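**Student:** Quick one: the structure is below, and I'll ask about it shortly.
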Amino acid sequence: MTPRILYKRLAFAEVITWTLLILGMVGKYGFGLDWATTVGGSIHGFVFLCYTVATIAVWTDKRWSAGTGLMGLASAVIPYATVPFERSVERRGLLEGHWRLGPGGEQSRTLAERTLAFALRSPVVALVVTLIVVAVVFSLLLVAGKPTEWFS
């Protein structure tokens, strides 16, 4: 899977899960369905974490500027902003080609590049580790409670 395909799919998944979260909020506050935000929020939170990992991976591989990478991360926080951001980086040619650090690709130089190169050369191991890390972070966030209550 190329960086372009991965990023396009996750940007779209973010839009879908934002919709689920917003519908959940309508269900909770409009119709008293307290479970609706739990379902929509949980799905959205998991996809948000996956999008964040993908953004960091593409940022590292494609050598995006700090500004572009941070905008990619910020786009996940703003409802429906991931698709316009993805289209913007695609138009600018920042998603072109295969993985630079993939098998047979360039030599990695930094810790981030070495980590990504390992992930691209051992995709099954990387997928399992990534899913475990995302699940652990997701679980810790669930234990932390609702984001609206973190600073109360």
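The values are calculated or read from the model by the stated rules, or taken from the named source; none is laboratory data. It should be emphasised that the depicted structure is a prediction, and the values quoted were computed from it without experimental measurement. Cβ: placed from backbone, ideal geometry, glycine included. Neighbour counts: every protein chain shown. The area values use the complete protein model at the heavy-atom level, side chains included, leaving out ligands, DNA and RNA. Shrake-Rupley method; radii C 1.70, N 1.55, O 1.52, S 1.80 Å.
**Student:** Computed from the mean reciprocal separation of all distinct C-alpha pairs, what Kirkwood hydrodynamic radius does the chain have, in Å?
**Tutor:** About 16.6 Å, per the Kirkwood formula over Cα pairs.
**Student:** Which is the longest part of the chain that has none of the chymotrypsin sites (Phe, Trp or Tyr not before Pro) sitting in a DSSP loop with at most 16 other Cβ atoms within 10 Å?
**Tutor:** Numbers: sites that count: Y80, W150, F151.
After excluding every exposed loop site, the longest remaining stretch is 1-79.
**Student:** Across the chain, where is the longest run that never hits GluC sites (Glu not before Pro) in a DSSP loop with at most 12 other C-beta atoms within 10 Å?
**Tutor:** Between the exposed loop sites, the longest stretch runs 1-95.
**Student:** If you fit an axis through the alpha-carbon atoms of helix 66-75 and take the longest principal axis of the Cα set of the chain, what angle between them do you get, 0 to 90°, nearest 10?
**Tutor:** Helix 66-75 sits at roughly 30 degrees to that axis.
**Student:** If I compute solvent accessible area with a 1.4 Å probe over the protein chains, what percent of it on the chain is carbon and sulfur?
**Tutor:** 73 percent
**Student:** What do you get for trypsin sites (Lys or Arg not before Pro) in the range 107-152 restricted to DSSP loop and a cutoff of at most 12 other Cβ within 10 Å of the site's Cβ?
**Tutor:** In loop regions of the range 107-152 (DSSP not H, G, I, E or B), the sparsely surrounded trypsin sites (Lys or Arg not before Pro) are R109.
**Student:** At 1.4 Å probe size, with every protein chain present, just tell me what the per residue accessible area of the range 46-152 comes to in Å².
**Tutor:** 62 Å²
**Student:** I would also like to ask the following. Go through the range 46-54 residue by residue and turn each phi into a ³J(HN,Hα) via Karplus (6.51, -1.76, 1.60, θ = phi - 60°); whole Hz please, and just put x for glycine and proline.
**Tutor:** Listing the rounded values in order: 5, 5, 4, 5, 5, 4, 4, 4, 5 Hz.
**Student:** Per DSSP H run of at least 4 residues, take -39500 (n - 2.57); add these up for the chain, divide by its residues and hand me the 222 nm value, nearest 500 deg cm²/dmol.
**Tutor:** Helix contribution divided over all residues of the chain: -24500 deg cm²/dmol.
**Student:** A further question on this structure: Is the range 83-152 rounded, prolate or oblate when judged by the Cα gyration tensor, a ≥ b ≥ c being the square roots of its eigenvalues, rounded requiring a/c under 1.5 and prolate requiring a/b larger than b/c? Don't jump to the answer; show the numbers that get you there.
**Tutor:** Numbers: a/c = 2.89, a/b = 1.51, b/c = 1.91.
Since a/c reaches 1.5 but b/c is at least a/b, the shape of the range 83-152 is classed as oblate.
**Student:** Let me ask something additional. Once phi is turned into θ = phi - 60°, what whole-Hz ³J(HN,Hα) does the Karplus curve with 6.51, -1.76 and 1.60 give for every residue of the range 20-28, x standing for Gly and Pro?
**Tutor:** Each residue of the range 20-28 in turn: 4, 5, 5, 4, x, 5, 4, x, 5 Hz.
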